[in-house]
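Only the coordinates and a few stated rules stand behind these numbers; no lab work does. Just so you know, these numbers come straight off a predicted model, no measurement behind them. Virtual Cβ from ideal backbone geometry, glycine too; neighbours counted across all protein chains shown.
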Amino acid sequence: MNHDYDLFVIGAGSGGVRAARVAAMSGARVAVAEEYMAGGTCVVRGCVPKKFMVYASEFSQAFKAAEGFGWSHCDMTFDWPKFLDAKDVEIARLSGIYVSNLQNAGADIVHERAELLDAHTVKLTPTNKTVTADKILIATGGRPTVPQDLPGIEHAITSNEAFHLEKLPKRIMIVGGGYIAVEFAGIFNGLGVDTCLMYRGANILRGFDNDVRSHLTGEIEKRGVKVILGTEHTRIEKTDKGTFLNHLTNGHVEETDVVMYATGREPYTAGLGLEKAGVKLNERGAVMVDAFSKTNVDNIWAVGDVTDRINLTPVAIREGAAFAATVFGDNPTSFDHDTVASAVFSQPPIGSVGLTEA
Ligand code: NDP
């Protein structure tokens, strides 16, 4: 068959861009579709802006300590809108680098939404053009998920909105005990927001070393975060003042200006047309793949968070590189998902690799 492209990648995030670049550099005719900004979750609404917020929030601790080291006039103020503008300028710059890296490798970037019509045909929106490709790579990532059955959940924001809040709240309730909840608790607390971190389990960061988990909880509390464990919402109530009453299973009611849910992410497969191509999903809605990231359809692969294996940027990058080596480099490469290192940008930050003591 004479297709328009050898490879069509859906999603210009960490995994998709790496796969596309390596494939294009091997001589393949490659296109990448992206409905929003190139760079994906990590660059646009994840790791990178999050790290900027961590940096911004850490200055408050440094200013507090500075006088003890001879500095004076450390009564600095923080300008949230100014920070947001600076962050967005830098993210636009980084996203532009992703685009030029793709172009320099010889890949086409298509700023449209892509949907599969069959295993070789992609429809692009809004132009309604169709293109065909010999091979397809799904790299559409994930998006935040919240418990839909909780009364008042429509009042809660997720990390997506936390990057664009119009103004810094005075008080925030953050729900969850994973990476995002713990990182944002440190961020908002450092920026001077009265921060409450609520987790349903007995100790935050399930899966990390137990000593590290309890030590970190103590450190977070010392810095001023109120940590509430073993509790969940029964409902979130909006008041006439525009604040929120957090009704909890332990009987307490906490009033805050913002409620943020950080209770995990789900694979982003909605409206992708995977059923038209016959691609199978697992019970969590993730694209099912083998060790070489190949789906049940012979010419379709998937990498990164949409496969819900280990949802970390460097993992997606390595999966993308392994796919390109296997399919376009004649070098079958699978990625080893065992004992992958990870870091949480909590304050203080923690990192872990290998097995925990437990
Ligand atoms: P995580 O899976 O890390 O944590 C989800 C948290 O929400 C857990 O504490 C979980 O509790 C809790 N939870 C889940 N459902 C509910 C519910 N219905 N009610 C109350 N609590 C609930 O997800 P995150 O959203 O923090 O992050 C998503 C992914 O993004 C991470 O898994 C990670 O892979 C990636 N990430 C990585 C970062 C890094 O590398 N530094 C930074 C940010 C994100 P329980 O433990 O009881 O299940």
Peptide ranges 272-279, 219-226, 133-140 listed from the most packed, as the mean C-beta count within 10 angstrom indicates: 133-140, 272-279, 219-226
Give me the log10 of I(q) over I(0) for segment 249-358 at q = 0.10, 0.12 Å⁻¹, as the Debye formula computes it from C-alpha points; what are the numbers? -0.44, -0.59
Work out which helices of the chain, taken as complete DSSP H runs, extend at least 27 Å along their axis over the Cα atoms and score a mean Kyte-Doolittle of 0.0 or more, then list them. 47-66
Can you pull the Rg over Rh of segment 240-292, Cα-only, Kirkwood? 1.28
By the scheme Lys and Arg +1, Asp and Glu -1, what is the net charge of all other residues having a beta-carbon under 13 Å from that of Leu124? -3
Using only C-alpha positions, report the orientation-averaged shadow area of the convex hull of segment 199-277, nm², one decimal. 8.7
Show me the ranking of peptides 314-322, 96-104 by mean Cβ neighbours inside 10 Å, starting with the highest. 314-322, 96-104
Size of the dipole of segment 35-137 about the Cα centre, Lys and Arg at +1 and Asp and Glu at -1 on the beta carbon, nothing else charged, in debye to 20? 120
Just to verify a number: FRET efficiency for Lys280 and Ala62, C-beta to C-beta distance, R0 = 51 Å, to 0.05? 0.50
Go through 240-250, 288-298 and give me the packing order, highest mean Cβ count within 10 Å leading. 288-298, 240-250
What number, rounded to the nearest 500 deg cm²/dmol, is the helix-based mean residue ellipticity at 222 nm of the chain, given -39500 (n - 2.57) per DSSP H run of at least four residues and division by all its residues? -10000 deg cm²/dmol
When the Cα centres of segment 239-305 and segment 130-159 are compared, how far apart do they sit, in Å? 5
Assign one of three labels to segment 133-260, namely rounded, prolate or oblate, based on the Cα gyration tensor with a ≥ b ≥ c the square roots of its eigenvalues; rounded applies when a/c is under 1.5, prolate when it is not and a/b is larger than b/c, and oblate otherwise. oblate
Based on the Kirkwood radius over alpha-carbon pairs, what is the Stokes-Einstein translational diffusion coefficient of segment 1-136 at 20 °C with 1.002 mPa s viscosity, in µm²/s? 124
Charges at C-beta only: +1 for Lys and Arg, -1 for Asp and Glu. How large is the resulting dipole of segment 157-291 about its Cα centre, in Debye rounded to 20? 60
Quick check on segment 98-199: take the gyration tensor over C-alpha atoms, sort the square-rooted eigenvalues as a ≥ b ≥ c, and tell me if it's rounded (a/c under 1.5), prolate or oblate. prolate
Among Pro169, Gln347, Gly46 the positive-end extreme of the charge dipole of the chain (Cβ point charges): Pro169
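Using Stokes-Einstein with the Kirkwood hydrodynamic radius over Cα pairs, what translational diffusion coefficient do you get for segment 207-252 at 20 °C and a viscosity of 1.002 mPa s, in µm²/s rounded to a whole number?
On the way: Rh = 12.9 Å.
Taking Rh from Cα pairs, D becomes 167 µm²/s.
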In vacuum, with every alpha carbon of segment 17-88 counted as one equal point scatterer, what does the Debye formula give for log10 I(q)/I(0) at q = 0.17 Å⁻¹? Two decimals, please. -0.78
With the alpha-carbon atoms as the only input, what is the per residue convex hull volume for segment 296-342 in Å³? 80
At q = 0.27, 0.30 Å⁻¹, the log10 of I(q)/I(0) for segment 92-144 from a Debye sum over equal Cα scatterers comes to -1.15, -1.16
For segment 271-331, what does the alpha-carbon gyration tensor say about shape, rounded, prolate or oblate, given a ≥ b ≥ c as the root eigenvalues, a/c under 1.5 as rounded, and a/b over b/c as prolate? oblate
Relative contact order (percent) for segment 227-315, with alpha-carbon contacts under 8 angstrom and 6 or more residues of separation? 16
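Excluding Pro49 itself, calculate the net charge of residues whose Cβ lies under 11 Å from the Cβ of Pro49, where each Lys or Arg counts +1 and each Asp or Glu counts -1.
Every neighbour counted, the sum reads +2.
What is the mean projected area of the alpha carbon convex hull for the chain, to one decimal in square nanometres?
Quarter of the Cα hull surface area: 20.8 nm².
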